[in-house]
Amino acid sequence: LALPACAGAVAVLAAAGLRRPPGRMRAGCLGAATAVCYALTAALMKSAVHILRGGGIGAFLTAWETYAFGAAGICAVLLLEHAMQGGPLVASQPALTLGDAGVSVALGVLLYEEHLRTHWWLLPQLLGLALICAGVLALARSDAGAEAGAT
């Protein structure tokens, strides 16, 4: 279920980005699609390495996950290239940075039954997330101000 969901999200985000003219929206959509591809690549690689560890190189080379993480990685690199060329870096980088981390955490919890620390640990986690988001927004605003002053 996670693989089709991620593939669908990438397709929708990439299509939305490629329909837009070069600029912030195009770079943001393609950056978000790249983020999903990177997170999916990591999840598939984890599964493939688990197969390698349990079944050896033969099992690794015959597992679909091995080829799927390669394909997802190639898609991620191609999408990243389009995101970087599609608009300003401050539009694609926040989507890429926050999206990769968010999707990776979600896949870890859903697919690999990883557990997030709760109770008092939530406070520093939420504080860190708020600081990252504030930093990303500050960088995006500073670039928008610089572009307005340059015109």
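For the residues Ala63, Ala33, Ala42, the requirement of being more than 13 Å from the chain's Cα centre (by Cα) and either aliphatic (A, V, I, L, M) or within 21 Å of Ala16 (Cβ to Cβ) (or both) singles out Ala63. Give region 90-115 a look and list any residue that's of a type in the set (A, V, I, L, M, F, W, C) and touching a Gly at 6+ places or on another chain (Cβ under 9 Å), or say none. Scanning region 90-115 gives Ala91, Ala95, Leu96. Based on this model, can you work out whether Gln125 counts as more than 28 Å from Pro4 (Cβ to Cβ), polar (S, T, N, Q), part of a helix (DSSP H, G or I) and open to solvent by 30 Å² or more (accessible area, probe 1.4 Å)? Yes, satisfied.
So, Leu13, is that one more than 13 Å from the chain's Cα centre (by Cα) and either modelled with pLDDT of 95 or more or crowded, with 23+ Cβ neighbours inside 10 Å (or both) or not? Break it down into steps so the answer makes sense when it comes.
Details: more than 13 Å from the chain's Cα centre (by Cα): no; either modelled with pLDDT of 95 or more or crowded, with 23+ Cβ neighbours inside 10 Å (or both): yes.
When the stated conditions are applied, Leu13 does not pass them.
The values are calculated or read from the model by the stated rules, or taken from the named source; none is laboratory data. Computed from a predicted structure; not experimentally measured. A quick note on method: Cβ atoms are made from the backbone with ideal geometry, for glycine too, and the neighbour counts reach across all protein chains shown. The area values use the complete protein model at the heavy-atom level, side chains included, leaving out ligands, DNA and RNA. Shrake-Rupley method; radii C 1.70, N 1.55, O 1.52, S 1.80 Å.
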